[in-house]
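Report on the structure given below.
The values are calculated or read from the model by the stated rules, or taken from the named source; none is laboratory data. Keep in mind the model is a prediction, meaning the values are calculated, not measured. A quick note on method: Cβ atoms are made from the backbone with ideal geometry, for glycine too, and the neighbour counts reach across all protein chains shown. Surface accessibility is based on the protein's heavy atoms, side chains included, excluding ligands, DNA and RNA. Shrake-Rupley method; radii C 1.70, N 1.55, O 1.52, S 1.80 Å.
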Amino acid sequence: MNNRILVTGGTGYIGSHTAVELQNNGYEVIIVDNLSNSSSEVVDNIEKITKIRPAFEQTDCCDFESLKSIMAKYSDIKAIIHFAASKAVGESIEKPLLYYRNNIVSLINLLELIPLFDIQGLVFSSSCTVYGQPDELPVSEKAPIKKAESPYGNTKQINEEIIQDIIASGANIKSIILRYFNPIGAHPSAKIGELPNGIPQNLVPYITQTAIGIRKQLNVFGNDYNTPDGYCIRDFINVVDLAKAHVVAIDRILNKRQKTPVEIFNIGTGQGLSVLELIHVFEKVTGERLNYKVVGRRSGDIEKVWANPEFANNELGWKSIETIEDTVLSAWNWQVKLNKKDKNG
Ligand code: NAD
Ligand code: WQD
């Protein structure tokens with residue numbers, strides 16, 4: 001039997017792309033997802049890409065007993081990748097308790113179950129949001145963690161501390177924490193991609209929905225920042241490159257190559273790009289003219305952040321390879337595919 005990997009949140013944006021890459025690397029994937037922000041159709045689409053249907057269990061990771069019975073059902077799970085979480089920054093400010101409960105109880109359940117089923121390790125989805133506005137750029141893993149700007153960001157910081165505390169207590173658990181920068185794009189097959197619920201909060205899905213006519217105009221939140229062109233700067237990383245980082249992390253855990261029981265890696269390209277530069281890339285690769293207007297700043301936005309990915313490059317042996325042009329085009333191809341599907345019903 002192939003090494004079994006439990007992927008919580010595996011029908012979500014990053015989880016589904018990771019499920020594909022795990023299968024491409026010979027792993028057996030078991031997806032646990034409560035479909036609170038995704039659809040079970042994603043399981044079909046993963047199968048269309050890899051010709052291997054992942055096991056799928058519709059379950060809430062906050063339900064300890066359900067999670068325990070799934071781990072008992074799929075004996076011999078070797079490791080877990082924990083994507084399942086609520087992730088909308090704005091919503092977390094309106095509904096903090098939903099975020100604290102969902103994002104923290106789900107992790108605690110997994111950490112309690114891991115020793116019962118002899119699971120070797122946990123890969124955790126964290127975010128560059130834990131750095132706030134870094135004092136130094138590019139930002140490395142040694143940068144100080146700053147007070148979170150939102151309950152969502154705080155749940156990521158708390159989760160990282162919980163993982164480190166449980167391991168410091170002597171629990172027989174290994175973990176790799178991956179701090180993602182700004183994941184964008186879609187699988188080149190355009191069979192899976194980002195499926196934001198309602199009005200997209202993130203830049204790239206808003207761009208593609210504007211260009212395809214779902215949204216009237218993109219509001220660009222401010223161009224009076226202390227950056228070369230006045231627009232915010234981000235490290236936009238291809239979602240397939242990001243997914244591959246998870247396979248490398250799982251390999252590292254299962255082959256016992258970790259140097260410390262908890263390892264933290266920045267998963268970014270190392271290149272900063274401004275919002276305006278990204279808009280120009282979109283227009284260049286698609287030939288579409290984007291209708292946008294500069295408005296006031298969005299509260300809570302970080303001015304500029306991009307990764308120092310050297311630790312992941314040298315120690316993890318992972319590097320982002322996709323170009324920003326191909327990545328933005330993959331997001332557009334996915335939007336065009338979605339639009340065709342909606343039109344044909
Ligand atoms: P997503 O919403 O597409 O995927 C999350 C999945 O988890 C969804 O399918 C949802 O249905 C599921 N889920 C949520 N709560 C659950 C629960 N209690 N039990 C079972 N399933 C549950 O989000 P994503 O963009 O794929 O993000 C995945 C992870 O990466 C999250 O932990 C997120 O915080 C983190 N992350 C995302 C970004 C980003 O920009 N997308 C950046 C940094 C970190
Ligand atoms: C990027 C830039 C906006 C939308 C968020 C979360 C972070 C992580 C990734 C989960 C900013 C500008 C955006 C729009 C705009 N998620 N923008 N108009 O804010 O860097 O990070 O998603 O972990 O935790 O904070 O990503 O895509 O929302 O914004 O001008 O309609 O695009 O101001 O400068 P962000 P984003």
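Worth pointing out:
- If the convex hull is drawn through the Cα atoms of segment 56-111, its volume per residue in Å³: 85
- Across all directions, the average flat footprint of the convex hull enclosing the Cα atoms of the chain is 16.6 nm².
- Candidates V275, V295, V42: whichever shows maximal mean-square fluctuation once the chain is modelled as a Gaussian network with Cα springs under 10 Å: V295
- Dipole size of the chain about its Cα centre, with +1 on Lys/Arg Cβ and -1 on Asp/Glu Cβ: approximately 520 debye, rounded to the nearest 20.
- Alpha-carbon centroids, segment 246-274 and segment 30-61: separation in whole Å: 24
- Remark: relative contact order (segment 152-229) = 12 percent; criterion is Cα-Cα distance under 8 angstrom and separation of 6 or more residues.
- Cα gyration tensor shape of segment 19-82, rounded if a/c is under 1.5, else prolate or oblate by comparing a/b with b/c: oblate
- Cα-centre dipole for segment 5-80 with unit charges at Cβ (Lys and Arg positive, Asp and Glu negative), debye to 20: 220
- Placing a label point 7 Å from the Cα of N219 along the Cα-to-Cβ direction, the residues of segment 74-96 whose backbone N falls under 16 Å of that point are 89-91.
- Values of log10 I(q)/I(0) for segment 83-175 across q = 0.12, 0.20, 0.21 Å⁻¹ run -0.41, -0.99, -1.05, by the Debye formula with one identical scatterer at each alpha carbon and no solvent.
- Taking every DSSP helix (H) stretch of at least 4 residues in the chain, weighting each as -39,500 (n - 2.57) and dividing the sum by the residue count yields a mean residue ellipticity at 222 nm of -11500 deg cm²/dmol.
- Relative contact order of segment 84-200, taken over Cα pairs closer than 8 Å and 6 or more residues apart, is 32 percent.
- Computed from label points 7 Å out along Cα-Cβ, the spacing between K48 and I321 is 2.5 nm.
- For segment 213-228, 3J(HN,Hα) computed residue by residue from phi via the Karplus equation (6.51, -1.76, 1.60; θ = phi - 60°) reads x, 6, 10, 6, 8, 8, 8, 9, 7, x, 9, 10, 8, 7, 9, x Hz, glycine and proline entered as x.
- Whole-number D in µm² s⁻¹ for segment 1-131, Kirkwood Cα-pair radius fed into Stokes-Einstein, 25 °C, 0.890 mPa s: 164
- With all protein chains kept in place, the per residue accessible area of the chain amounts to 45 square angstrom at a probe of 1.4 angstrom.
- Greater than 24 Å apart at Cα, pairs in K191/K340; K216/K244; K147/K293; K156/K191: K216/K244; K147/K293; K156/K191
- The amide H of E57, built 1.01 Å from its N in the peptide plane, has I31, V32, D33 as neighbours under 5 Å, considering only residues 5 or more places off or on other chains.
- Take every DSSP beta bridge whose two residues both sit in the chain; close to 5 percent of them are antiparallel.
- Cα centroid of segment 132-187 to Cα centroid of segment 276-304, whole Å: 27
- Taking a sphere under 11 Å around the Cβ of N333 and counting the other residues whose Cβ falls inside, with K and R at +1 and D and E at -1, yields a net charge of +2.
- Computed over protein heavy atoms with a 1.4 Å probe, the carbon and sulfur contribution to the accessible area of the chain reaches 49%.
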